[in-house]
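The values are calculated or read from the model by the stated rules, or taken from the named source; none is laboratory data. Remember, predicted model here, so these are calculated numbers, not experimental data. Note that we place each Cβ from the backbone using ideal geometry, even for glycine, and neighbour counts take in every protein chain shown. Accessible surface areas use protein heavy atoms only, side chains included; no ligands, DNA or RNA. Shrake-Rupley method; radii C 1.70, N 1.55, O 1.52, S 1.80 Å.
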There are 2 protein chains.
Amino acid sequence: MTDNKINKEGRIGAANKQLILNAAEFEFAKHGFKGTRIQQVADRACLPKTNVLYYFKSKENLYLAVLQQILDEWNSVFDHATKEDDPAEVLAKYIAEKMEFSLTRPDASRIFALEIINGAPNLKGFYKENNVAWMEGRVEVVQYWIETGKIQTPNAYYLLYHIWACCQHYADFSAQITHLQGKQMGESEFEEATKAIISLVLKGCSLEIPEKYR
Amino acid sequence: MTDNKINKEGRIGAANKQLILNAAEFEFAKHGFKGTRIQQVADRACLPKTNVLYYFKSKENLYLAVLQQILDEWNSVFDHATKEDDPAEVLAKYIAEKMEFSLTRPDASRIFALEIINGAPNLKGFYKENNVAWMEGRVEVVQYWIETGKIQTPNAYYLLYHIWACCQHYADFSAQITHLQGKQMGESEFEEATKAIISLVLKGCSLEIPEKYR
DNA sequence: ATAAAACCTGACCAGATGGTCAACTAATAT
DNA sequence: ATATTAGTTGACCATCTGGTCAGGTTTTAT
């Protein structure tokens, strides 16, 4: 038999936990850590507050769980891109992915942004180390592309920042965009915007835009 | 004689108010509205908490004053650009200005970002109206440049968003950048980054980069 | 000089909120 | 069947914090 003496989580637990995590992501994205009330999360999940505390021992614990869930989703084609790959294809795909994320998971993007603006006090050791390693690997690839004349851009780091910045803007600043344009961006507008970023970045790197992204 | 019956603010008042505003900007940028304690602001300004409340009736009032101060700084060469101006010059100058702002006033940028991510609940009527009008005027100019073939870019709105996004990134996400690069960006790095954005955007719009921005 | 306004601040309070607890019910394994 | 664990929840508390107040001192105008 399996050893299920203690702390075994049943079906109900798993379901409720996910329910709470989703509610929490919404609230944290909207009000930040300090601004979010456990009661609000509970209300959104249609559970009593005490129940939320039953599954997540504390507010901080809940927040960390939300953050972890977001970080776990953070992977892309670019992770495994190599020096031999076609820069235009890889970058265009990467941008398309990032924009897809901004469209489908804006709250996740906002929570991450809030965390960074606050100085990333909760992105502890393990993630940070990993992140730096990831970045170094990616920069190395881009650097190779630059040195072999495959792309023309002044700096690998800055190029990646600019891609992130443009893509995240559509999630983080959607309130401003909605206001300036008089209406919320839908799927079709996101497609246009994606093409606009791809056009800007690839042309900005002296690359041809692959047919499918035109 | 001047009518100074009531509510006249003396020298001391003006000085202290500014002291408090600066302290508040720092704290609000770091912890957000909800996360900031009046006591923290007071400590940073080296004044007792009660004194802060004396000048600004409430926390919200203080926050609005900080926000207003930031908004008042928000003007640029691009405000008065016309259809006749040279797109390359105007855009390059605009980017340089925005980056200068990110370098010298990162806290202001962060507060604005937090405000937008939160859905801009405090950017009330007057500012919003003005902002939309400003945007329409700018889009009209860019649109003219597009239609007359002076620049090549898919969409005027998106172009402006991408410029903002790139420039703000260096203020709002500086914690991430510092961590990824292993050191804080100084003036010289900001100069490089500015040139990188100008290169990206101008090339991305099929424009020649003016000599002075190379 | 002196009155009025501006400025200062320790003591205090009321409400909000994260978190505990104990008593309960429902699920599950043997 | 029954014991054990998982899940549920209302009542409650300690603390934190925005804000008030009253009684002061300093500055300024005439």
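Annotation: B:Ser188 carries an accessible surface of approximately 70 Å², with a 1.4 Å probe and no ligand, DNA or RNA atoms counted.
So what's the gap between the Cα centers of segment A:123-201 and segment B:96-171, to the nearest angstrom? If we compute the Cα centre of each part, the gap is 17 Å. Which pairs break 32 Å Cα to Cα here: A:Lys98/B:Lys59; B:Lys30/B:Lys57; A:Lys98/B:Lys83; B:Lys150/B:Lys195? Among A:Lys98/B:Lys59; B:Lys30/B:Lys57; A:Lys98/B:Lys83; B:Lys150/B:Lys195, the Cα-Cα distance tops 32 Å for A:Lys98/B:Lys59; A:Lys98/B:Lys83. Dipole of the protein assembly as shown computed with +1 at Lys/Arg Cβ and -1 at Asp/Glu Cβ about the Cα centre; of B:Ser76, B:Leu207, B:Tyr55, farthest Cα towards the positive end is B:Tyr55. Look at the dipole of the protein assembly as shown built from charges on Cβ: of A:Ala23, A:Ala42, A:Pro121, the Cα furthest out on the positive end belongs to A:Ala42. Accessible area per residue (1.4 Å probe, heavy atoms of protein chains only) ranks B:Leu91, B:Leu21 as B:Leu21, B:Leu91, with the largest value leading. Averaged over the residues of peptide A:174-182, the number of Cβ atoms from other protein chains lying within 10 Å of each residue's Cβ is 6. Summing charges over all other residues whose Cβ lies under 13 Å from the Cβ of B:Ile163, with Lys and Arg as +1 and Asp and Glu as -1, gives +2.
Take each residue in A:148-161, count the other chain C-beta atoms within 10 Å of its C-beta, and the mean is 4.
Surface composition of the protein assembly as shown: carbon plus sulfur atoms contribute 51% of the solvent-accessible area (1.4 Å probe, protein chains only, all chains present). On the principal axes of its alpha-carbon atoms, segment B:73-213 has extents of 44, 41, 23 Å, going from largest to smallest.
Kirkwood radius and radius of gyration were both taken over the C-alpha atoms of the protein assembly as shown, and their ratio Rg/Rh is 1.00. Each peptide in B:69-81, A:93-105, B:115-127 gets a packing score, the mean of other Cβ atoms within 10 Å over its residues, and the list from highest to lowest is A:93-105, B:115-127, B:69-81. Normalised per residue, the accessible area of chain B is 50 Å², obtained with a 1.4 Å probe and no contribution from ligands, DNA or RNA. Going from the chain on its own to the full set of protein chains, segment B:184-212 has these residues losing 40 Å² or more of accessible surface (heavy atoms, 1.4 Å probe, no ligands, DNA or RNA): B:Ala196, B:Leu200, B:Lys203, B:Gly204. Each of B:Ile95, B:Trp164, B:Val139 was scored by the projection of its Cα onto the charge dipole of segment B:73-213, and the greatest displacement toward the positive side belongs to B:Trp164; charges sit on the C-beta of Lys, Arg, Asp and Glu. Its Cα centre serving as origin, segment B:11-66 has a Cβ charge dipole (Lys and Arg +1, Asp and Glu -1) of approximately 100 debye. Cβ under 12 Å from B:Asn51's Cβ, B:Asn51 left aside: what net charge do those residues give with Lys, Arg +1 and Asp, Glu -1? It works out to a net charge of +1.
Each Lys and Arg adds +1 at its Cβ and each Asp and Glu adds -1 at its Cβ; summed about the Cα centre, chain B shows a dipole of about 1000 debye.
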